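The values are calculated or read from the model by the stated rules, or taken from the named source; none is laboratory data. Computed from a predicted structure; not experimentally measured. Ideal geometry is used to build each Cβ from the backbone, glycine not excepted, and the neighbour counts take in all protein chains shown. SASA here: full protein model, heavy atoms, side chains in, ligands and nucleic acids out. Shrake-Rupley method; radii C 1.70, N 1.55, O 1.52, S 1.80 Å.
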Amino acid sequence: MPSRLRVLGLETTCDETAAAVVQLTDEGRGAILSNEILSQVAEHAPYGGVVPEIAARAHVEVLDGLIERALERAGTRLSDLDGIAAAAGPGLIGGLLVGLTTAKTLALVARKPLIAVNHLEAHALTARLTDGLPFPYLLLLASGGHTQLVAVRGVGDHLRLGSTVDDALGEAFDKVAKLLGLPYPGGPEVEREAERGDPERFGLPRPMLGRPRPDFSLSGLKTALRLEAERVAPLTPTDVADLCASFQAAVVDVVIDRTRVALRGFRDSVGHPSALVAAGGVSANGAIRRALGRLAAEAGLRLVAPPLPLCGDNGAIVAWTGIERLRMGLIDDMTAPARARWPLDQALGTAGP
Ligand code: KG4
Ligand code: ZN
């Protein structure tokens, strides 16, 4: 196997279509040779969320062109690749089928290994692409569909310490934005509003604070915010900013408390983490990042949070996970299924429900 593995990665799990080429460097990290991404945000915005059928069609329309561009920008021919990876789940089944079938076709035609990647594992391993981080580490994975605290012990070896019992963190940001009349996706909008708002004006609850298991619950917080918004309606721009700031402050408190509990659990059951890692779209949030940085420092750890373009969904993190699995001989065959549900702690094999 060549030491400088080069893999194409396809991402179509949700509302981003992406293709990227990544190469393993001599230092054991990833060099991103190209990272093409087309967001469908504009197509879904009128509906205030992702519409699966629109997403699947949009992936079909643009994926071929994106792959061509990703190869061209990377100065790579299909025959130069060592493997072809696609996110095979979890996600919206229509989009998954588009990406995985395309990857299978390319793998067959070019006679290259296929790697069916778990999208959550791609977020989980981003810190190794960027920083070459050694295992094990504690991961806070927070996106529009997932909120988990995970001990990342190795490739395909993940221990879920806690997760959300209702909404995902990003989903809560999106719902709050919708409620306040802010555009979709809501996370960045809420953060922008929060910057000029008063975080102490509304006393919102901090669900799950102090619980011994590091789980999250966000629907009560969202409901409390809705009731406050209804109480002060009609909302002025200051009300909106103050509601956003109060919401974000509550989220930060919850995230820090839950992560601190997970860190304790990690030390008890796994050992000493090499770092605290944040991944997924919500880890783009500056207030959450800063608070996690303080928590990490307090625990004598480094916080590794990916640069903003690698926080959200993209092809480079899928390609990198392809490299990680390929070098361990973890490849898939043409029967690899697209899996709408695929828990991270089952990421070693592709068999399962
Ligand atoms: O990882 P990602 O791009 O896609 C999923 O796999 O879900 O995450 C998207 C989510 C959305 O819910 C979005 O509102 C949220 O991440 N998000 C943020 C911020 N930027 C994106 N949430 C809070 N603050 C942000 N700055
Ligand atoms: Zn994601």
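Looking at the structure I just gave you, is Thr76 surrounded by fewer than 20 Cβ atoms within 10 Å (Cβ to Cβ), part of a helix (DSSP H, G or I) and not assigned by TED's automatic domain parsing to the domain that holds Leu149?
So Thr76 fails the test.
Just for the range 1-42: of the residues that are within 14 Å of ligand 1 (Cβ to nearest atom) and of a type in the set (Asp, Glu), which one is surrounded by the fewest Cβ atoms within 10 Å (Cβ to Cβ)?
Glu16
Return the only residue of Gly132, Gly162, Gly181, Gly156 being farther than 24 Å from Leu303 by Cβ, more than 16 Å from ligand 1 (Cβ to nearest atom) and in contact (Cβ under 8 Å) with a residue 40 or more places away in the chain.
None of the other options fit; the residue is Gly156.
Quick one: in the range 93-129, of everything that is outside any helix (DSSP H, G or I) and free of Cβ contacts under 8 Å to residues at least 40 places away in the same chain, which residue is farthest from Val21 (Cα to Cα)?
My answer is Arg111.
For the range 1-55, which strands (runs of 3 or more DSSP E) that fit wholly inside it have 2 or more residues that are more than 30 Å from Gly329 (Cα to Cα) and at pLDDT 85 or above?
Numbers: elements: 6-11, 16-24, 30-39.
The strands (runs of 3 or more DSSP E) meeting that bar are 30-39.
Residue under question is Ala58, and the condition is that it be open to solvent by less than 50 Å² (accessible area, probe 1.4 Å) and within 16 Å of ligand 1 (Cβ to nearest atom); does it hold? Before you say what the answer is, go through the steps one by one.
Values: open to solvent by less than 50 Å² (accessible area, probe 1.4 Å): yes; within 16 Å of ligand 1 (Cβ to nearest atom): yes.
In short, yes.
If you scan the range 187-212, which residues turn out to be part of a helix (DSSP H, G or I), among the small types (Gly, Ala, Ser) and away from ligand 2 (no atom under 16 Å from the Cβ)?
At the first step, the residues of the range 187-212 found to be part of a helix (DSSP H, G or I) are 187-195.
When the remaining residues are screened for being among the small types (Gly, Ala, Ser), the result is 187, 194.
Result: Ala194, single match.
So Phe135 clears everything in (1) open to solvent by 20 Å² or more (accessible area, probe 1.4 Å); (2) assigned to a helix (DSSP H, G or I); (3) more than 18 Å from Gly49 (Cα to Cα) except one condition, right? Which one?
The single condition Phe135 does not satisfy is (2).
Residue-by-condition table, conditions (1) more than 24 Å from Ser39 (Cα to Cα); (2) surrounded by fewer than 20 Cβ atoms within 10 Å (Cβ to Cβ):
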{"position": "Ala142", "(1), (2)": "no, no"}
{"position": "Thr147", "(1), (2)": "no, no"}
{"position": "Ala168", "(1), (2)": "no, no"}
{"position": "Pro183", "(1), (2)": "no, yes"}
{"position": "Gly197", "(1), (2)": "yes, no"}
{"position": "Phe202", "(1), (2)": "yes, no"}
{"position": "Met208", "(1), (2)": "yes, no"}
{"position": "Arg226", "(1), (2)": "yes, yes"}
{"position": "Thr238", "(1), (2)": "yes, yes"}
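So, in the range 263-304, exactly how many residues are within 16 Å of ligand 2 (Cβ to nearest atom), open to solvent by 30 Å² or more (accessible area, probe 1.4 Å) and either at pLDDT 95 or above or aliphatic (A, V, I, L, M) (or both)?
1
In the set Ser246, Ser274, Ser269, which member is among the small types (Gly, Ala, Ser), touching a residue at least 12 places away in the same chain (Cβ under 8 Å) and within 16 Å of ligand 1 (Cβ to nearest atom)?
Ser246
Pairs under 6 Å by beta carbon, first residue more than 7 Å from Cys311 (Cα to Cα) and near ligand 1 (Cβ under 8 Å from one of its atoms) in the range 279-292, partner of a type outside the set (Phe, Trp, Tyr) and assigned to a strand (DSSP E or B), six or more apart or different chains?
Close Cβ pairs satisfying both conditions: Val282/Ala142.
Please work out if Asp242 is crowded, with 23+ Cβ neighbours inside 10 Å and over 17 Å from Glu171 (Cα atoms).
yes
Looking at Ala319, is it aliphatic (A, V, I, L, M), under 21 Å from the mean Cα position of the chain (by Cα) and surrounded by fewer than 24 Cβ atoms within 10 Å (Cβ to Cβ)?
Considered against the rule, which asks whether it is aliphatic (A, V, I, L, M), under 21 Å from the mean Cα position of the chain (by Cα) and surrounded by fewer than 24 Cβ atoms within 10 Å (Cβ to Cβ), Ala319 comes out as no.
Which residues, counting only those in the range 7-40, are touching a strand residue (DSSP E or B) at 6+ places or on another chain (Cβ under 9 Å) and farther than 16 Å from Leu66 by Cβ?
Kept after step one, since they are touching a strand residue (DSSP E or B) at 6+ places or on another chain (Cβ under 9 Å), are these residues of the range 7-40: 7-13, 15-25, 30-40.
Once the filter is applied, which keeps residues that are touching a strand residue (DSSP E or B) at 6+ places or on another chain (Cβ under 9 Å) and farther than 16 Å from Leu66 by Cβ, the range 7-40 yields Gln23, Leu24, Thr25, Gly30, Ala31.
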